[in-house]
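Below: one structure, written as structure tokens.
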Amino acid sequence: MDKCTKDDRLYDAICDDYRLLNVISRFGMHLGFGEKTIEEVCCDRGIDCDTFLAVVNLTKSGSAPQWQQPRLSLRALGDYLQSSHTYFLNFLLPSIRRKLVEALGSLTNNDMAFLIIKFYDEFCLEVRTHMERENKEVFPYVDALMQGKKIRPVTIEISLMHRSPIEKKLSELKNIMIKYYDGNANDNLLNSILYDIFLFEEDLVCHCMVETQLFLGEIKRLEREHKDNDFVEVRKKEENTDLLSEREKDVIRCVVKGMTNKEVADKLFISINTVTTHRRNIARKLDIHSTSALTIYAIANKLLDMEEIKGE
């Protein structure tokens, strides 16, 4: 099945693409819709059919729809996204953490396992902070727009998930576990967790597309009606896969020991600006953007050992 239409049976659509189970759940649909078409199920549940189909087809295609979109329901999209937030924060991320702790075993005697859990917790905190910001700022702003209120615009584009380092940090977590973890673990459970993380990453991408390609589009449309379309553009980050220089390795050793930029500069006899440049190049080359992840990288690549870190 390619593009779903309102006349397709919802049962067929789900069997064709299991990811639609997440979609129906976030629209508040329950299983047991028999032979009903998508339009019939939406009508029964009081859901805008065009909006539901737009999310379904975006999830299936993995890209912006090539056909003309009708006007969508901002209310339905907002409810869908907030339901996604609840699922991620209250169910999926805690579930992965519980299994991760179980798979890695005792964190007391396993330094690498401890660092991985620490990195995961920092990642979860970023996700929570970001999604709670959307809940607090973006959705109330949209509600005010729909009510016709005069309200100062928020920077929607930099508030939405795709403009944050969260997706990149999730990729870092996978890379760390696959490339560098070599300790005692329940392999079956650890592989199951990695599978969950891959599915979460895929789900998060779909979530971001709904935000940026559907939700944001409808916000802009509504703002144009309010004569206000002032958004902030965010530049794309460059990519660089060059190898680390010896000086950059020296900077990594200092950073993971907890030194400030000034302390690094003093120790290596370079300027603070040079330290800043090295740190920016390290982040770009390794695709690592946090001290926790850099610490794991440094230990895994034998730039220093755990005792050196603890000794500082």
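The values are calculated or read from the model by the stated rules, or taken from the named source; none is laboratory data. Only a predicted model underlies this, so the values are computations on that prediction, with no experimental measurement involved. No Cβ is skipped: glycine too gets one built from the backbone with ideal geometry, and neighbour counts run over all protein chains shown. In case anyone asks, the SASA skips ligands and DNA or RNA and just uses the protein heavy atoms, side chains included. Shrake-Rupley method; radii C 1.70, N 1.55, O 1.52, S 1.80 Å.
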Considering every residue within region 151-164, establish whether at least one is at pLDDT 80 or above and either open to solvent by 50 Å² or more (accessible area, probe 1.4 Å) or under 22 Å from T86 (Cα atoms) (or both). no
Residue pairs qualifying under the 9 Å Cβ cut-off, at least six apart or on distinct chains, with the first in region 125-141 being among the aromatic types (F, W, Y) and the second being modelled with pLDDT of 85 or more and open to solvent by less than 80 Å² (accessible area, probe 1.4 Å), are F139/G78; F139/L81; F139/Q82; Y141/I219
With the structure loaded, tell me whether L81 is in contact (Cβ under 8 Å) with a residue 60 or more places away in the chain, of a type in the set (A, V, I, L, M) and under 27 Å from I166 (Cβ atoms) or whether it fails that test. yes
From the set of residues in region 1-57 that are among the acidic types (D, E) and assigned to a loop (DSSP other than H, G, I, E, B), which is nearest to the chain's Cα centre (by Cα)? D17
Just one of R97, R75, R19, R9 is open to solvent by 80 Å² or more (accessible area, probe 1.4 Å) and over 27 Å from K220 (Cα atoms); which is it? R97
Extreme residue, nearest to R75 (Cα to Cα), among residues of region 22-57 that are among the hydroxyl-bearing types (S, T, Y) and surrounded by 16 or more Cβ atoms within 10 Å (Cβ to Cβ): T51
What number of residues in region 284-303 are modelled with pLDDT under 85, open to solvent by less than 50 Å² (accessible area, probe 1.4 Å) and in a loop (DSSP other than H, G, I, E, B)? 2
What is the one condition in (1) assigned to a loop (DSSP other than H, G, I, E, B); (2) modelled with pLDDT of 85 or more; (3) among the basic types (K, R) that R279 does not satisfy? (1)
Checking F200 against (1) over 19 Å from F119 (Cα atoms); (2) modelled with pLDDT of 85 or more, which single condition isn't satisfied? (1)
Could you go through region 58-72 and let me know if any residue there is modelled with pLDDT of 90 or more, in a helix (DSSP H, G or I), of a type outside the set (A, V, I, L, M, F, W, C) and open to solvent by less than 10 Å² (accessible area, probe 1.4 Å). yes
Check T86, T37 and return the single one that is among the hydroxyl-bearing types (S, T, Y) and more than 17 Å from C206 (Cβ to Cβ). T37
For the subset of region 252-276 comprising residues that are of a type in the set (G, A, S) and modelled with pLDDT of 90 or more, which member is nearest to E172 (Cα to Cα)? A265
